[in-house]
1. Being within 17 Å of the chain's Cα centre (by Cα) and exposed (fewer than 11 other Cβ atoms within 10 Å of the Cβ) is the filter here; which residues of segment 41-63 pass it?
2. Any idea which residue in segment 71-88 is nearest to Phe2 (Cα to Cα), counting only those that are touching a helix residue (DSSP H, G or I) at 6+ places or on another chain (Cβ under 7 Å) and assigned to a helix (DSSP H, G or I)?
3. Considering only residues of segment 96-115 that are out of contact with any His (no Cβ under 7 Å at 6 or more places or on another chain) and over 16 Å from Glu139 (Cβ atoms), which is surrounded by the fewest Cβ atoms within 10 Å (Cβ to Cβ)?
4. Can you find, within segment 8-40, the residue that is surrounded by the most Cβ atoms within 10 Å (Cβ to Cβ) among those that are β-branched (Val, Ile, Thr) and in contact with a Phe, Trp or Tyr (Cβ under 8 Å, 6 or more places away or on another chain)?
5. For segment 1-45, give me each residue that is aliphatic (A, V, I, L, M) and in a helix (DSSP H, G or I).
6. Please go through segment 122-137 and pick out each residue that is open to solvent by less than 40 Å² (accessible area, probe 1.4 Å) and more than 22 Å from Asp35 (Cβ to Cβ).
7. For segment 64-78, state whether one or more residues are closer than 26 Å to Lys136 by Cα, touching a Leu at 6+ places or on another chain (Cβ under 8 Å) and open to solvent by 30 Å² or more (accessible area, probe 1.4 Å).
Amino acid sequence: IFKKECEEEIKIIREKMGAEHWKKEKLEIIISPSDIGIHNIIETQNRSYFIDFEYAGYDEVTKLALDIVMQPRHRLGNKEEEIVIEGLSERLKLNSDWRKRYEDAKKIQKIIWTTIILQGCKNEESFNSILKKAKKYFEMY
């Protein structure tokens, strides 16, 4: 459905994968909860608690940031996105290359989430509403 658009995005991604900031020694590997998002956080007056570590493991910090910022059910605005990016940078003392990877990887994450949304098409009745939702998400980024 979005074949042409995805092919264009993938071409751009492939070109960027050879950049210096994607070299293995530049990656920021962390232990990540993986399935992170507003839906897996319990907040109290003073603290936030992350729950649901079923998919936890080693990951690159870019993936963690994208999981937080681009979650379709709880998409963050530009201001909130910047707070997350700056917070991760400061708390984890990340090198400057990770921000470049983050910007590159947004295109990959957009395709992944659009595909996941489209998987919600269970029957002909749901097709149009799911397609509309997927298209809206895809065009947001």
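1. Residues satisfying the conditions are Gly57, Tyr58.
2. Of everything passing the filter in segment 71-88, Pro72 is nearest to Phe2 (Cα to Cα).
3. Result: Ser96.
4. Looking at the filtered set, the residue picked out is Ile36.
5. Hits for segment 1-45 are Ile10, Ile12, Ile13, Ile38.
6. Result: Ser126, single match.
7. Yes.
The values are calculated or read from the model by the stated rules, or taken from the named source; none is laboratory data. Worth saying up front: this structure is predicted, and the values here are computed from it rather than measured. Please note: Cβ atoms are built from the backbone with ideal geometry, for glycine as well, and neighbour counts cover all protein chains shown. When the accessible area is computed, the model is the full protein with side chains, heavy atoms only, and any ligands, DNA or RNA have been set aside. Shrake-Rupley method; radii C 1.70, N 1.55, O 1.52, S 1.80 Å.
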